[in-house]
Amino acid sequence: MSNGSIDTTSSDGITVISINRPDKRNALSAAMCDDLRQAWEVFRDSDDRVAILRAEGSCFTAGADLSNPPSQFWKAVPDVGIDIGKPVIAVVQGPVVGMGVAMVAFCDLCVASSDSKFIYPEAKVGVAAGLISALVARVPQKIALELILLGEPMPAQRAYEVGLVNRLTEPGAQMDEAMRMAKVMTAGAPLVFKFLKKMTYETLPRSPVETMYRTQQQAEQVALSADAVEGLLAFKEKRPPAFKGL
């Protein structure tokens, strides 16, 4: 399946979601974030057990497309804008910038090629959304602040040493390792994965921005539900509503 610059394939219980805009260094536009969210929804509702998020070209992502910046990027972030309940592996190479760092932080696992580098430049450009603050719950505080405040590239080796990356490979071998890990997990019990992932993330501290986005996502589910439509329609038609919990 292809939605413009987001491609999705499915095989043997594994969904592979690819950011495919290498000519623009995989910069994320508003439309791409919408398509990425849709890809997560399809994976969530499918029988596939593991997802891999990867990118074409030599750069995982240059971050936001400044010519069409996504105002609601958080909706495309797994387990922030959409509850998935299944393992997600990020596979990165080359520069991983801005939103890409946040995306990796919220994926469950990460495989990086040795030429990867993580860059978070918000302090240098004078804008901030705040979601990156959740990184402090995932790597040591001073390491997170080093990345966030200095905005200097963090090499893949250091990212591996501090726990932002699970596996480090030679360039070109990162996808093979991610597929190996995914195949191991497809043999596991889905209910156990869902339970343990839920317990893990309920144990992690949440930043105020992360909590805000999660709350907004839950409120939107109610606002956009069939019951919400039925309630308004029943009010206009002056009859009791027939709610179905949908």
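The values are calculated or read from the model by the stated rules, or taken from the named source; none is laboratory data. Nothing here was measured: the structure is a model prediction, and the numbers come from that model. Cβ coordinates were reconstructed from backbone atoms using ideal geometry, including for glycine residues, and neighbour counts include every protein chain displayed. Side chains are part of the model used for accessible areas, which takes the heavy atoms of the whole protein and leaves out ligands, DNA and RNA. Shrake-Rupley method; radii C 1.70, N 1.55, O 1.52, S 1.80 Å.
So the values come out like this:
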{"item": "Under 10 Å, Cβ to Cβ, from Ser10 - net charge with Lys/Arg +1 and Asp/Glu -1", "result": "-3"}
{"item": "By accessible area with a 1.4 Å probe, ligands and nucleic acids excluded, highest first: order of Lys124, Lys75", "result": "Lys124, Lys75"}
{"item": "Segment 65-79 and segment 181-246: distance between their alpha carbon centers, rounded to Å", "result": "20 Å"}
{"item": "Reachable lysines from Lys24, criterion Cα separation under 28 angstrom, eight or more residues apart if same chain", "result": "Lys75, Lys117, Lys124"}
{"item": "Over the chain: Rg over Rh, Cα atoms, Kirkwood Rh", "result": "1.00"}
{"item": "DSSP beta bridges in the chain [antiparallel fraction, %, rounded to 5]", "result": "30 percent"}
{"item": "Sequence-distant lysines (8 or more away, or on other chains) whose Cα lies within less than 24 Å of Lys244", "result": "Lys236"}
{"item": "Dipole magnitude of the chain, debye to nearest 20 (Cβ charges: Lys/Arg +1, Asp/Glu -1, about Cα centre)", "result": "480 debye"}
{"item": "Largest-first principal axis extents, alpha carbons of segment 197-246, Å", "result": "46, 20, 11"}
{"item": "Angle between the chain longest axis and helix 30-45 axis [Cα atoms, degrees, rounded to 10]", "result": "70 degrees"}
{"item": "Charge dipole (the chain, unit charges on Cβ, about Cα centre) - positive-most of Leu135, Val16, Gln93", "result": "Leu135"}
{"item": "Most positive-pole-ward Cα, Val222, Phe195, Met175, against dipole of segment 170-228 from beta carbon charges", "result": "Phe195"}
{"item": "Net charge, Gln216 excluded, C-beta distance under 12 Å - Lys, Arg +1, Asp, Glu -1", "result": "0"}
{"item": "Total formal charge among the other residues, if their Cβ is under 15 angstrom from that of Ala55, Lys/Arg +1 and Asp/Glu -1", "result": "-1"}
{"item": "Gaussian network model of the chain, Cα within-10 Å springs - most flexible of Ser71, Ser58, Ser29", "result": "Ser71"}
